[in-house]
Amino acid sequence: MDDTTRSSRGEADMAPPRIDGRLKVTGACRYAADFRLRGLAHAVMVTSDIARGRIEAVDMDAARAVPGVLDILSHGDMEGVNPPGFGTSSFTSLGPLHTQDIVHDGQIVALVVAESYEAACEGAEAVAITYAREPAAGTLSADGVEVEEDEDSAVSTGDFDAIFADAPVQLDLEYHTASETHNAIELFSTTCVWEEGRLTVYEPSQNVFGFRGQIAAQLGIEPGLVRVISPYVGGGFGSKGPITPRTAIVAVAARRLGRPVRCVATRMQGYTTTSYRAETRQRVRIGAHRDGRIAAFGHDGWELTSRTDDYITGGNDLTVRLYGYDAVCARTYAVRTDRQTPGYMRSPPETPYVFALETALDELAEKLRIDPVALRRINDTDIDPVSRKTYTSRSLMQCYDAASDAFGWSRRNPAPRSMRDGEWLVGFGCATATYPTHVAAATARVRFGADGSVLVESASHEIGTGIRTVAAQMAAERLGVPLSSVSVAMGDTDLPPAPVSGGSNSTASVCSAVMQACDRIRDRLFRAAPADSRLGNGDPDSFRIKDGAVRAGENRILGIEEVFRSMGAGMIEEYAEFVPAGAPDDAIRKLYDGKTSMVGEYMGSKLMYAFGAIFVEVRVHSRTREIRVPRMTGAFAAGRIMNPRTARSQLMGGMIWGMSCALLEETQIDPHTARYVNRDLQDYLLPVNADIGEVDVLFVPEEDNEVNPAGVKGLGELGNVGTNAAVANAVYHATGKRVRHFPIRIEDLLETG
Ligand code: MOS
């Protein structure tokens with residue numbers, strides 16, 4: 001292990017705590033559904049109990065008779081409203097009340113508005129709908145799916161077929177990953193208030209400007225007439241990046257009623273009225289030399305999607321670039337089913353596809369009797385085999401070295417089923433984590449007061465990542481003030497726009513914009529410092545700012561207040577538009593319109609990726625086959641770590657989700673009806689503290705000033721890539737049974753003897 005690599009625990013304890021941590025734990029933060037509004041009416045959605053068919057009749061008489069019921073919206077009530085447009089700002093193109101057709105289970109079919117939540121629930125129960133039911137396909141293997149190749153996402157380099165056929169060692173394997181549902185603690189909700197033709201929407205969002213643009217487009221009004229407020233988000237994981245159809249329906253209800261209307265989706269409705277991670281099937285072909293070098297790598301994916309939209313992730317676009325193969329081939333197929341459109345979930349392409357690659361590598365290592373870490377080293381590369389571009393930085397093997405050391409990988413007996421502790425079979429497994437570095441155009445306004453107070457404003461989103469804290473840290477550092485002097489306003493379209501909080505871009509993008517605004521303020525202060533002052537006649541370009549003073553050299557210092565006094569100013573405000581290299585010229589204009597221009601990954605002249613290595617120990621009980629995970633070690637290199645405390649928390653949470661993906665989570669669909677079976681926290685398995693052992697997070701130092709001015713690679717999604725494969729590989733090592741699907745359950749290990 002490099003001397004400078006360190007376990008994050010001690011460092012995290014030293015790092016600034018979240019500036020909004022106290023507010024959160026004391027319940028003082030107001031989430032979108034917490035705002036108190038005069039005259040608020042409550043709405044409850046009615047959702048379909050068939051997956052495919054047509055509404056024949058809606059009987060609202062009983063519902064209208066419920067005391068307190070004020071209004072009911074159903075199909076035909078969205079006149080003059082456009083259906084949503086599918087894309088990064090809306091997960092679906094379906095306007096559920098624009099049609100009598102039912103295209104997925106749990107589709108919104110009506111909205112009941114009442115004086116109280118209870119009356120709205122009772123009214124919703126009383127709405128009677130008659131359907132003409134049709135057979136529906138809800139899974140990849142169901143009858144009636146349509147398979148379409150996504151030709152745009154095909155990638156190939158070299159003569160894959162010939163090189164694969166000639167390879168002395170060949171693997172041809174199939175993997176399967178389950179559908180998962182976001183189960184953020186905060187429920188989905190929308191609250192709409194109209195005042196003189198202006199609409200205010202309170203809704204948890206990872207994309208307030210995107211939401212604004214979508215709502216305005218659907219309602220056919222100017223975006224400037226819409227304000228979206230989302231100061232805190234109790235978990236999004238991608239689900240709150242694009243808007244859902246509920247928002248426009250609630251806006252119409254509020255306009256019709258002339259009162260504010262709030263709709264909180266139930267936990268169950270969250271499963272069907274928003275997006276989810278799609279089920280996949282994947283085929284991996286590896287043609288290798290006996291020394292472990294991979295000559296040909298083929299990765300095909302089949303992804304479940306809806307009939308209405310083209311959402312697929314195409315994560316094989318990444319896996320074919322990850323190691324130094326000679327020839328590659330990737331094809332992706334959309335499998336259309338009678339489900340709502342799937343969407344982003346934390347590392348949308350990487351979580352399923354890197355699993356297949358990293359498990360296949362473990363299978364190759366086993367077959368060639370090469371240590372799995374050594375196999376990664378043999379195939380490590382600094383060149384993308386597809387584009388021939390190099391990386392701005394790639395610290396993959398440094399991560400392997402650090403994590404394997406800390407984990408004690410050398411204690412592993414390579415033979416499967418060879419390690420035991422009493423009745424428990426012990427297995428060690430490892431896998432690569434990687435996530436593309438994204439950076440996007442962003443704006444920020446920073447106000448510096450003569451009293452040393454700083455206000456940072458940017459419409460980014462606190463989704464649990466700690467973005468407020470790192471933005472404040474950046475301002476404190478650039479303006480030489482303590483962190484406690486900085487306040488941060490976010491999550492409101494009245495603030496300067498920031499990109500969607502997705503693709504792990506926020507820290508890099510927002511911090512770069514904050515840095516720019518602060519540097520303008522510094523520049524103004526430095527140039528305003530009087531020439532005859534204690535700064536001497538120094539060159540302003542050599543000035544620094546620290547501990548509330550401008551400094552020239554060691555002893556020449558001038559307090560900030562004096563600089564302000566000499567300027568005759570009480571405060572300075574600067575607004576900055578950060579546009580990363582490679583972004584379109586109109587990136588800022590687009591940002592105001594709600595469109596994020598994301599760059600990075602393999603788009604520029606060099607590849608930008610963060611890396612990690614995950615090591616996992618599993619224990620499988622020799623008689624019951626119960627699977628436990630006593631410890632996980634992850635080492636990560638992600639450029640500048642703005643805050644080891646929040647970074648560690650992100651990476652740890654990601655690793656836990658990776659473990660959960662491997663062993664617990666699956667959104668199950670009834671194959672006969674294409675309806676959701678497990679749609680609450682009772683039946684959908686999530687890890688609890690008792691499922692999680694030690695999680696050790698290591699930071700591998702990495703300096704990369706090419707990725708963006710802040711030197712930051714995103715890490716919000718990095719931790720849950722690869723962990724799932726490391727668990728599967730450890731299960732194999734413990735038991736000798738290779739399970740190629742998730743979740744791995746007791747029943748998969750029954751015949752292991
Ligand atoms: Mo993330 S799934 O890019 O919000």
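Some points to look at:
- Pairs, first within 15 Å of ALA12 (Cβ to Cβ) and without any contact (Cβ under 8 Å) to a residue 40 or more places away in the chain in the range 689-711, second acidic (Asp, Glu) and assigned to a loop (DSSP other than H, G, I, E, B), C-beta under 6 Å, six or more apart: none
- In the range 669-684, the residues that are under 9 Å from ALA137 (Cα atoms) reach residues that are part of a loop (DSSP other than H, G, I, E, B) and of a type in the set (S, T, N, Q) with C-beta atoms within less than 9 angstrom, at least six apart or across chains, in these pairs: PRO671/THR139; PRO671/SER141; ALA674/THR139.
- Cβ pairs under 6 Å, 6+ apart, first in the range 237-248 and of a type in the set (Phe, Trp, Tyr), second within 16 Å of the ligand (Cβ to nearest atom): PHE237/HIS182; PHE237/MET345; PHE237/ARG346
- When residues of the range 465-497 are limited to those that are farther than 25 Å from VAL563 by Cα and of a type in the set (D, E, K, R), the one farthest from the ligand (Cβ to nearest atom): ASP494
- Pick from the range 336-390, criterion among the aliphatic types (A, V, I, L, M) and in a loop (DSSP other than H, G, I, E, B), ranking: nearest to the ligand (Cβ to nearest atom): MET345
- GLN218 being more than 16 Å from the ligand (Cβ to nearest atom), polar (S, T, N, Q) and surrounded by fewer than 19 Cβ atoms within 10 Å (Cβ to Cβ): no
- When GLU196, GLU279, GLU303 are checked against the criterion of being away from the ligand (no atom under 16 Å from the Cβ) and touching a Pro at 6+ places or on another chain (Cβ under 9 Å), a single residue qualifies: GLU279.
- Condition met for SER566 (touching a residue at least 24 places away in the same chain (Cβ under 8 Å), within 16 Å of the ligand (Cβ to nearest atom) and in a helix (DSSP H, G or I)): no
- Checked against the criterion of being farther than 30 Å from VAL250 by Cβ and assigned to a strand (DSSP E or B), the range 114-129 contains not a single residue that satisfies it.
- Qualifying residue in the range 317-330 (condition: within 16 Å of the ligand (Cβ to nearest atom) and either in a helix (DSSP H, G or I) or over 26 Å from ARG631 (Cβ atoms) (or both)): yes
- Of all residues in the range 520-549, those that are in contact with a helix residue (DSSP H, G or I) (Cβ under 9 Å, 6 or more places away or on another chain) and within 16 Å of SER485 (Cβ to Cβ) total 6.
- Exactly one residue among PRO342, PRO372, PRO385, PRO352 is out of contact with any helix residue (DSSP H, G or I) (no Cβ under 7 Å at 6 or more places or on another chain) and farther than 30 Å from GLU134 by Cβ, and that residue is PRO385.
- Qualifying residue in the range 257-274 (condition: within 14 Å of the ligand (Cβ to nearest atom) and either surrounded by 22 or more Cβ atoms within 10 Å (Cβ to Cβ) or under 24 Å from MET490 (Cα atoms) (or both)): yes
- Scanning the range 228-255 for residues that are among the aliphatic types (A, V, I, L, M), within 14 Å of the ligand (Cβ to nearest atom) and over 13 Å from TYR344 (Cα atoms) turns up just one, VAL233.
- Top-ranked residue in the range 177-220 [being assigned to a strand (DSSP E or B) and free of Cβ contacts under 8 Å to residues at least 40 places away in the same chain; ranked as nearest to GLU358 (Cα to Cα)]: THR200
- Set side by side, the residues VAL500, VAL550, VAL510 differ, and just one is away from the ligand (no atom under 16 Å from the Cβ) and either of a type in the set (A, V, I, L, M, F, W, C) or within 26 Å of the chain's Cα centre (by Cα) (or both), which is VAL550.
- Looking across ALA265, ALA248, ALA295, one residue alone is among the hydrophobic types (A, V, I, L, M, F, W, C) and closer than 26 Å to ILE669 by Cα. It is ALA265.
- Pairing residues of the range 332-354 that are closer than 20 Å to ALA184 by Cβ and among the basic types (Lys, Arg) with residues that are near the ligand (Cβ under 10 Å from one of its atoms) and at pLDDT 95 or above, at Cβ distances under 7 Å and at least 6 apart in sequence or on separate chains, gives ARG346/PHE237; ARG346/GLY238; ARG346/GLU717.
- Subset of the range 113-136 [more than 16 Å from ILE55 (Cβ to Cβ) and either surrounded by fewer than 23 Cβ atoms within 10 Å (Cβ to Cβ) or among the β-branched types (Val, Ile, Thr) (or both)]: VAL113, GLU115, SER116, TYR117, GLU118, ALA119, CYS121, GLU122, GLU125, ALA126, PRO135
- Residue, farthest from ARG133 (Cα to Cα), within the range 654-681, restricted to residues that are in a helix (DSSP H, G or I) and either in contact with a His (Cβ under 6 Å, 6 or more places away or on another chain) or not aliphatic (A, V, I, L, M) (or both): GLY654
- Of the criteria (1) surrounded by fewer than 19 Cβ atoms within 10 Å (Cβ to Cβ); (2) modelled with pLDDT of 95 or more, which one ILE614 fails: (1)
- Residue in the range 143-159 that is away from the ligand (no atom under 16 Å from the Cβ), free of Cβ contacts under 8 Å to residues at least 24 places away in the same chain and not in a loop (DSSP other than H, G, I, E, B) present: yes
- Residue among ASP59, ASP101, ASP105 that is in contact with a helix residue (DSSP H, G or I) (Cβ under 8 Å, 6 or more places away or on another chain) and in contact (Cβ under 8 Å) with a residue 12 or more places away in the chain: ASP105
- Residues that are in contact with a Lys or Arg (Cβ under 9 Å, 6 or more places away or on another chain) and among the aliphatic types (A, V, I, L, M) were ranked within the range 440-453; the one that is surrounded by the most Cβ atoms within 10 Å (Cβ to Cβ) is VAL446.
- Lone qualifier among VAL500, VAL439, VAL481 - being under 30 Å from LEU357 (Cβ atoms), aliphatic (A, V, I, L, M), in contact (Cβ under 8 Å) with a residue 24 or more places away in the chain and assigned to a loop (DSSP other than H, G, I, E, B): VAL500
- ASP494 part of a helix (DSSP H, G or I), surrounded by fewer than 24 Cβ atoms within 10 Å (Cβ to Cβ) and either among the acidic types (Asp, Glu) or at pLDDT 95 or above (or both): no
- Filter pass, GLU149 being under 29 Å from THR667 (Cβ atoms), charged (D, E, K, R) and either modelled with pLDDT under 95 or surrounded by fewer than 20 Cβ atoms within 10 Å (Cβ to Cβ) (or both): yes
- Candidates THR99, THR157, THR139, THR88, filtered to the one that is surrounded by fewer than 21 Cβ atoms within 10 Å (Cβ to Cβ) and touching a Leu at 6+ places or on another chain (Cβ under 8 Å): THR139
The values are calculated or read from the model by the stated rules, or taken from the named source; none is laboratory data. Fair warning: this is a prediction, and the values are worked out from it, not measured in the lab. Methodologically, a virtual Cβ is constructed for each residue, glycine included, from the backbone with ideal geometry; neighbour enumeration extends over all protein chains shown.
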